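Down below is the structure, laid out as structure tokens.
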Amino acid sequence: MSEEKLSFQAEVSRLLDIVAHSLYSEKEVFLRELISNASDACDKLRYASLTQPDLTAGDANFRITLTPDTAARTLTIADNGIGMNREELVENLGTIARSGTANFMAALSQKAEAEKAGEKDLSLIGQFGVGFYSAFMVAGEVEVFSRKAGDSQGWRWASDGKGSFTVGESDDAPARGSRIVLHLRDGEDDYLQTYRLQSIVKKYSDHISIPVLVGDDEKPANAASALWTRSKSDITAEQYKEFYHHVSHAFDEPWLTLHWRAEGVLEYTNLLFIPESKPFDLFEPERKHRVKLYVRRVFITEGPEGLIPAYLRFLRGVVDSEDLPLNVSREMLQHNPMLAKMRTGIAKRVLGDLARKADDADAKADYARFWENFGAVLKEGLYEEREQRDTLLKLLRAYSTHGDELVSLEDYVGRMKPGQDAIYYITGEDKAALARSPHLEGFRAKGVEVLFLTDAVDEFWLQSVTQYKDHAFKSVTRGGADLANVTAEDKAEETPKAPEDSVADLVALAKLTLGDAVKDVRTSERLRESAVCLVADEGDMDIHLERMLKAHRR
Ligand code: ADP
Ligand code: MG
């Protein structure tokens with residue numbers, strides 16, 4: 001039978017090299033990765049069979065089996081999920097397009113850049129997991145026998161993880177799904193022991209809703225019920241974390257775990273997580289979320305448009321609806337009114353929980369961590385979702401001329417000076433550069449706080465959100481932002497008045513000299529040391545926005 005030899009994508013080879021030489025102590029996580037894939041494969045087939053029942057005819061009971069063979073020193077992980085055809089074997093197991101591994105590689109290169117340390121820090125493998133390729137931590141050779149549901153032809157993929165793999169037709173493939181045979185390296189005989197395998201399954205894969213059977217044992221080694229259907233009091237923090245890893249293909253800790261059931265007109269269960277670190281694809285132009293939609297425990301799709309607002313796209317996890325029809329097509333989902341209702345319910349709940357965190361005086365540093373990661377995303381909601389604007393303004397944090405910590409608008413308003421009625425801000429890319437701006441001189445002298453808004457999105461929400469609690473937002477780089485009505489902290493700080501005539505002469509001279517280059521020349525209270533500064537006129541475009549747009553047009 002014809003067999004073809006192919007090379008791994010260069011990045012995969014690099015990754016495999018790291019994996020093979022890793023001294024990573026918790027190698028056992030390879031099992032978590034392979035079981036996670038097997039479970040995903042069952043979910044996919046269950047969905048496909050909704051419209052093509054033939055695909056599961058003859059064997060509708062999904063399961064994952066682990067079979068150790070002490071004589072052959074192999075461990076086999078088999079599933080009766082969707083399986084892979086030749087192209088999929090080559091694409092999925094030969095390139096790095098997959099989410100989990102892509103996360104790992106992105107983090108690795110970020111870290112290498114930061115430390116200029118090359119590829120030496122292998123502890124990352126433990127943090128991220130490397131999906132299928134982690135099999136090579138314990139196996140010197142890996143065979144994958146697979147038959148895609150509905151296909152007659154089966155395939156065998158094999159590799160020693162050293163640069164190339166082979167793929168060819170096989171009569172040994174399972175009737176449906178995949179069978180992965182690991183030829184264990186010397187010293188890895190641990191993974192041939194049934195009780196050891198059972199305890200690893202319990203530790204990492206208990207939340208998997210498909211039964212995982214080990215050896216001859218007829219009782220699954222996992223609880224085999226979807227984690228989100230269990231009651232909160234029965235779930236440990238560890239189990240939530242493992243589920244988060246499985247569902248998000250990320251390997252950090254959840255910063256916040258939200259598990260609740262919405263009851264009433266619509267019933268749906270939500271198990272959502274906010275990651276503790278920034279996913280690398282957060283600012284891709286599609287602004288897609290990655291929450292998975294289930295209908296009555298059946299996986300439907302990941303990231304359906306309309307379920308989670310774009311400004312909450314950092315959420316990970318599962319939403320399981322009791323009401324949507326099972327045969328809802330992915331295309332029709334978008335226009336389903338139930339989905340819109342769920343979206344509103346989810347947004348309210350998530351923002352409510354965030355508000356509680358934000359209000360908690362003891363959780364300041366913790367909330368700041370969230371804000372540094374996702375504040376820029378959340379701000380998109382300020383102009384995209386009117387109904388949530390007030391809540392979002394309460395969640396907003398920014399650095400300011402007042403100290404080194406993030407401040408809230410409420411803090412800011414509490415510190416406003418007598419006679420001050422606006423909230424002053426300055427926009428730009430870099431906080432340190434903004435702090436040196438001459439536009440701040442007069443504000444500093446009068447003790448008036450100015451917010452530093454450093455995200456690109458700030459220019460956009462400030463166009464539509466004009467005030468907070470009756471206080472207008474005003475840019476210090478605009479003509480109208482003057483401080484004549486604000487009394488200085490200290491009388492000595494009052495701007496000494498220059499003789500009216502000489503100032504008028506100077507202004508006239510400046511106007512004459514600059515001609516059309518400027519719209520107007522005015523005296524201002526905002527400067528102390530500097531003689532002049534450029535400002536945009538009230539109603540004109542802010543200077544930073546103008547620069548941004550110009551840069552964009554180039
Ligand atoms: P990830 O799970 O993050 O996508 P993996 O490296 O774990 O990355 O897996 C790569 C891909 O290989 C999966 O996305 C899936 O398409 C495919 N795959 C792996 N194992 C199986 C399996 N048992 N059945 C079907 N497809 C699989
Ligand atoms: Mg995987």
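Using the alpha carbons alone, the radius of gyration of region 343-484 stands to its Kirkwood radius in an Rg to Rh ratio of 0.96.
Between residue 13 and residue 546, the modelled labels are 5.4 nm apart [label points 7 Å from Cα along Cα→Cβ]. Helix 237-248 and the long axis of the chain differ in direction by around 90°, with both axes built from C-alpha atoms. Taking other C-beta atoms within 10 angstrom as a stand-in for reagent exposure, 27, 232 fall in the order 232, 27, fewest first.
In the chain, the longest principal axis of the Cα atoms and the axis of helix 337-359 are about 60 degrees apart. Rounded to 0.05, the FRET efficiency of the residue 6 and residue 296 pair, given R0 = 45 Å and the Cβ-Cβ distance, is 0.65. Using the rule -39500 (n - 2.57) for each DSSP H run of four or more residues, divided by the residues of the chain, the 222 nm mean residue ellipticity is -10500 deg cm²/dmol. Segment residue 331..residue 219, full-extension length gain: 36.4 nm, with 0.36 nm per residue of separation and the alpha-carbon distance subtracted. Over 30 Å apart at the Cα level, from the set 219/241; 446/511; 27/348; 232/357, are 27/348. The distance between label points at residue 76 and residue 233 comes to 4.4 nm (points 7 Å beyond Cα on the Cα→Cβ vector). The residues 421, 186, when put in order of fewest to most other Cβ atoms within 10 Å, stand as 186, 421. Mind giving me the FRET efficiency for residue 95 and residue 502? R0 is 56 Å, r the Cβ-Cβ distance, nearest 0.05 is fine. The calculated FRET efficiency here is 0.15. For the residue pairs 364/431; 379/474; 278/341; 44/148; 148/203, alpha carbon separations beyond 22 Å are given by 278/341; 148/203.
Only Lys, Arg, Asp and Glu carry charge here, each on its Cβ (+1 for the first two, -1 for the last two); on that basis the chain has a dipole of about 520 debye about its Cα centre. With the simple model of a label 7 Å out from the Cα in the direction of the Cβ, residue 166 to residue 60 spans 4.1 nm. Normalised Debye scattering of region 357-437 at q = 0.11, 0.21, 0.27 Å⁻¹ gives log10 I(q)/I(0) of -0.33, -1.19, -1.45, counting only Cα atoms as equal scatterers and leaving out solvent.
What the pair-distance distribution of the chain shows, using all Cα-Cα distances binned every 20 Å from zero, is 18, 42, 26, 12, 2, 0 percent. When 144, 377 are arranged by Cβ crowding within 10 Å, least crowded first, meaning fewest neighbours, the order is 377, 144.
Rule-based calculations on the coordinates, nothing more; no lab input. What you are looking at is a predicted structure, and each value in this text was computed from that prediction instead of being measured. All Cβ positions, even for glycine, are placed from backbone atoms using ideal geometry, and neighbour counts span all protein chains on display.
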